[in-house]
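What follows is a short report on a single structure.
Bear in mind that the values in this text are calculations on the coordinates, not laboratory data. Fair warning: this is a prediction, and the values are worked out from it, not measured in the lab. Glycine also receives a Cβ, built like all others from the backbone with ideal geometry; neighbour counts cover every protein chain displayed.
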Amino acid sequence: MFLTLALLRKGIPGHQWLGKYRRPRAVTWHMKRNMVKHLEREAANEYWLSRPFMTQEQELGHAAERRQQIWQRFKESKSSNFPQHKSFADHLSHLQISKTWSS
């Protein structure tokens, strides 16, 4: 079928870069260079990721103290904006319930 399309038709049907019967792109030296750079970068990443900085024992809980300090700072910053405690008498002081008509 593809052979008959190629022989009987003038060109690629529809948009030449999209679709099922698209025109194949020519591979340029720029594409090859970029792919080689990409593969080299990926190989360097794999190299450094394969050699961990810390052992499993060192890594276990190494940031617990720092996380605890961050959490304490966060709690203190939230509690500093919290209003001070008020007693029930402070809330009802505007009613003046202790005064009588005679006084």
Between Tyr21 and residues 5 or more places away or on another chain, which pairs have amide H atoms under 5 Å apart, with H built 1.01 Å from N, and which residues are they? none
Crossing angle, helix 64-80 versus the chain [Cα axis fit, 0-90 degrees, rounded to tens]: 50 degrees
Computed for region 24-79: size of charge dipole around the Cα centre, +1 on C-beta of each Lys and Arg, -1 on C-beta of each Asp and Glu, debye to nearest 20, value 400 debye
Which label in (1) 16.3; (2) 23.8; (3) 15.0 gives the computed Kirkwood radius over Cα pairs in Å: (2)
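If packing is taken as the mean number of other Cβ atoms within 10 Å per residue, what is the order of 85-91, 35-41, highest first? Before the final figure, lay out each step's value.
Values: 85-91: 8.0, 35-41: 10.1.
The packing order, highest mean first, is 35-41, 85-91.
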